[in-house]
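What follows is a single structure, written as structure tokens, with notes after it.
Throughout, read-outs are computed from the coordinates displayed, never taken from laboratory work. What you see is a predicted model; the values in this text were computed from it and never measured. Counting neighbours? That spans all protein chains shown, and the Cβs are built from the backbone with ideal geometry, glycine included.
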């Protein structure tokens, strides 16, 4: 963290603490989302804005924020969180950008078990992990093994693409129907929304109620395309490494005030 950031944080922290307390006192706990999806966007722009020495520095700030976020959601008892840390499209970036990020992600996955000691969480990864470097995949598997069961479900989307998930679900379902002996001409009649949903990567989770994207970008970029059809969206005008607890609480307050229509 730069000296400028530290000074701003020192001056504003007491004010934000008071504001957070006020939001919490009036927050409708019975209306909180059961599943939150988060697009953690803005690391590179944050590095430029804060004049950090390289992108790796902003990645580390962002991953420290990720652990803070796990604590915030635990405090409020949010049952499920899906965090998009790397898209399949991001993997087309130059190795000079990706390799430092891979290293920081591996460090994060090693830190999480100790960081969430006392929390009852299950961690699972979704996405095209087979396309990722071996050391990162190994770190992800170790994290899953360290947090195999828990009351709260933390899903990390890595090498993930929403279109690819739907393609994979269709392929799996069609293959399953073929294995059951259903002829090619009859397969279409056995495909519906429920059967397809059952083949999504994390089919046991409820659909997200709320999707948050940081960095001010107002688009989904393919995140949970199938599952977020009726979700509420909040696009927060702050880069992920600078995302604060007060920003999160305001997002929840906004969500609890909305009237959900589920497409009706």
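Structural remarks
- Cα gyration tensor shape of the range 1-154, rounded if a/c is under 1.5, else prolate or oblate by comparing a/b with b/c: oblate
- Distance between the pseudo-spin-label points of residue 75 and residue 163 (7 Å out from Cα toward the beta carbon): 4.0 nm.
- Over the chain: helical MRE at 222 nm, DSSP H runs n ≥ 4 each giving -39500 (n - 2.57), nearest 500: -15500 deg cm²/dmol
- The chain: translational diffusion in µm²/s, Stokes-Einstein, Kirkwood Rh over Cα pairs, 4 °C, 1.567 mPa s: 65 µm²/s
- Nearest 10 degrees, 0 to 90: helix 134-146 Cα axis against the chain principal axis: 90 degrees
- Of the three principal axes defined by the Cα atoms of the range 11-54, the extents in descending order read 43, 31, 9 Å.
- Note on residue 23 and residue 203: their simple-model spin labels are 3.7 nm apart, each label 7 Å out from Cα toward Cβ.
- A full extension of the chain between residue 130 and residue 233 corresponds to an added length of 34.1 nm, given 0.36 nm per residue minus the alpha carbon distance.
- With R₀ fixed at 22 Å, the C-beta to C-beta distance from residue 262 to residue 194 puts the FRET efficiency at about 0.90.
- Rg over Rh for the range 136-217 works out to 1.06, using Cα positions for both radii and the Kirkwood form for Rh.
- Between helix 162-179 and the chain: long-axis angle, C-alpha atoms, 0 to 90°, nearest 10: 30 degrees
- Note on the chain: GNM, Cα springs under 10 Å; of 39, 187, 67, the largest mean-square fluctuation is that of 187.
- Cα gyration tensor shape of the range 178-225, rounded if a/c is under 1.5, else prolate or oblate by comparing a/b with b/c: prolate
- The label-point distance for residue 180 and residue 34, in a model that sets each label 7 Å from Cα toward Cβ, rounds to 2.6 nm.
- To the nearest ten degrees, helix 55-75 and the longest principal axis of the Cα atoms of the chain are 80 degrees apart.
- FRET efficiency for residue 15 and residue 219, using Cβ-Cβ distance with R0 set to 45 Å, rounded to 0.05: 0.90
- Overall Cα dimensions of the range 96-187 - principal axes, largest extent first, Å: 52, 38, 19
- Whether the range 85-141 is rounded, prolate or oblate, judged on the alpha carbon gyration tensor where a/c under 1.5 counts as rounded: prolate
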